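> Okay, here's the structure, questions in a sec.
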Amino acid sequence: MKKILVTGANGQIGVELVVHLRKLYGTENVLATDLRRTPGAASEGGPFAALDVRDPKAFSETLRSFGADTVLHLAGILSARGEADPMFSWDVNVNGTCAALEAAREHGAAFFFPSSIAAFGPSTPSKNTPQDTLQRPSTVYGVAKVSMELLCDYYHKKFGMDTRGLRFPGLISYEALPGGGTTDYAVHIYYDAIKKGSYTSFIAQGTYMDMMYMPDALNAIVRLMEADPARLLHRNAFNISAMSFEPEQIAASIRKFMPGFTMDYDVDPLRQGIAESWPDSLDCSAAREEWGFAPEYDLDRMSEDMLARLKEKL
Ligand code: NAD
Ligand code: AKB
């Protein structure tokens, strides 16, 4: 990667990814784009362009004028928000990704697609979920993710485009709040721990999901995009995860640093249903073998860092 265009740069991943990339590749070589400029480092700390990813002409022109060799396509609508308006979610997640892929193909750019554990469904083996397995998701978000994984592979086979992707688990971070997903509880719990000393979980006790701390996600994107293509047997998209836990375990981890922390439950049927349709834990061996995936944060190390950072921030 030398010149990089990031879509959805004001989101939970984008605000940190843009800063990370500008440190690695130079400020002027990373163009942040999103629907509109907002206060913060992604919009203000270097090149920024307003771009609705559903507009193919604008996408192509923005890519051409910046001269990017890589598109990191983060713009999207997350799982729970998607269920509130499925056709809007489809429009952004499918039509937006089609426009992004076409613009990248037209200008010879490499392409990164962030898939999700949502690309799996209730019929997928839920423990140690294999890299290659049944994918029959039950959310519109998941259906779009599977479709776009397949379309990215198609662009690689048909046009020789360098498309690569990751199936992210729930991402936990302190810079920006998550944008309406099912794993959001694992971010909100840290904010409420600092603000109130307690948390009411919308996910039920005993519900396991894969998770990862943001620094490991940022490193994974760079490592995958810089990997030797000859080593990539898979492309779209690699299972990755750093930990799998249920609500009582994250609460217990927080208690190691805040002994008085308490948690109760008020389960949200929509997000609980989505969580139950997703794997409990992924098999990440293909990512380890093909491009050296190696996350550094486990649950306790992440809790210690999240609580310290949020204490400062809040
Ligand atoms: P987010 O909701 O925090 O941010 C998405 C960004 O996309 C927002 O800044 C929004 O303004 C922008 N956007 C929405 N519609 C747009 C449009 N039409 N044109 C341009 N920009 C638009 O999402 P995120 O958590 O940063 O996730 C980024 C990507 O990673 C998404 O595709 C998501 O599905 C995927 N992902 C995220 C997670 C996670 O836990 N955060 C996990 C798995 C996959
Ligand atoms: C969501 O919960 O929708 C996201 C995801 C795992 O894709 N965090």
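> If G108 satisfies every condition in (1) surrounded by fewer than 23 Cβ atoms within 10 Å (Cβ to Cβ); (2) under 18 Å from the mean Cα position of the chain (by Cα); (3) more than 16 Å from ligand 2 (Cβ to nearest atom) but one, which is the exception?
Condition not satisfied by G108: (2).
> Please list, ordered by first then second residue, the pairs with beta carbon atoms under 6 Å, 6 or more apart or interchain, first in the range 61-89 and in the same structural domain as A103 (by TED's automatic domain parsing), second modelled with pLDDT under 95 and more than 16 Å from ligand 2 (Cβ to nearest atom).
Taking only residues 6 or more apart or on different chains, the pairs are T70/M1.
> Where residues in the range 71-90 are buried (at least 21 other Cβ atoms within 10 Å of the Cβ) and of a type outside the set (A, V, I, L, M, F, W, C), which of them is nearest to ligand 2 (Cβ to nearest atom)?
Checked the range 71-90; the qualifying residue nearest to ligand 2 (Cβ to nearest atom) is S79.
> In the range 224-271, what residues are assigned to a loop (DSSP other than H, G, I, E, B) and exposed (fewer than 13 other Cβ atoms within 10 Å of the Cβ)?
Result: D228, L233, P259, G260, D266.
> Shifting gears a bit: Is it the case that some residue within the range 94-105 is within 16 Å of ligand 2 (Cβ to nearest atom) and surrounded by 24 or more Cβ atoms within 10 Å (Cβ to Cβ)?
Quick first cut of the range 94-105, residues within 16 Å of ligand 2 (Cβ to nearest atom) only: 94, 96-97.
Add one more test, that the residue is surrounded by 24 or more Cβ atoms within 10 Å (Cβ to Cβ), and what stays is 96-97.
Yes: the range 94-105 contains one or more residues that are within 16 Å of ligand 2 (Cβ to nearest atom) and surrounded by 24 or more Cβ atoms within 10 Å (Cβ to Cβ).
> Turning to a different aspect of this structure: Would you be able to say whether some residue in the range 90-111 is without any contact (Cβ under 8 Å) to a residue 60 or more places away in the chain, assigned to a strand (DSSP E or B) and either on the phi < 0 side of the Ramachandran plot or of a type outside the set (A, V, I, L, M) (or both)?
yes
> If I filter the range 192-206 for residues that are surrounded by 15 or more Cβ atoms within 10 Å (Cβ to Cβ), within 24 Å of G292 (Cβ to Cβ) and within 13 Å of ligand 2 (Cβ to nearest atom), do I get at least one hit?
No - not one qualifying residue is present in the range 192-206.
The values are calculated or read from the model by the stated rules, or taken from the named source; none is laboratory data. Note that this is a predicted model, so its numbers are computed, not measured. All Cβ positions, even for glycine, are placed from backbone atoms using ideal geometry, and neighbour counts span all protein chains on display.
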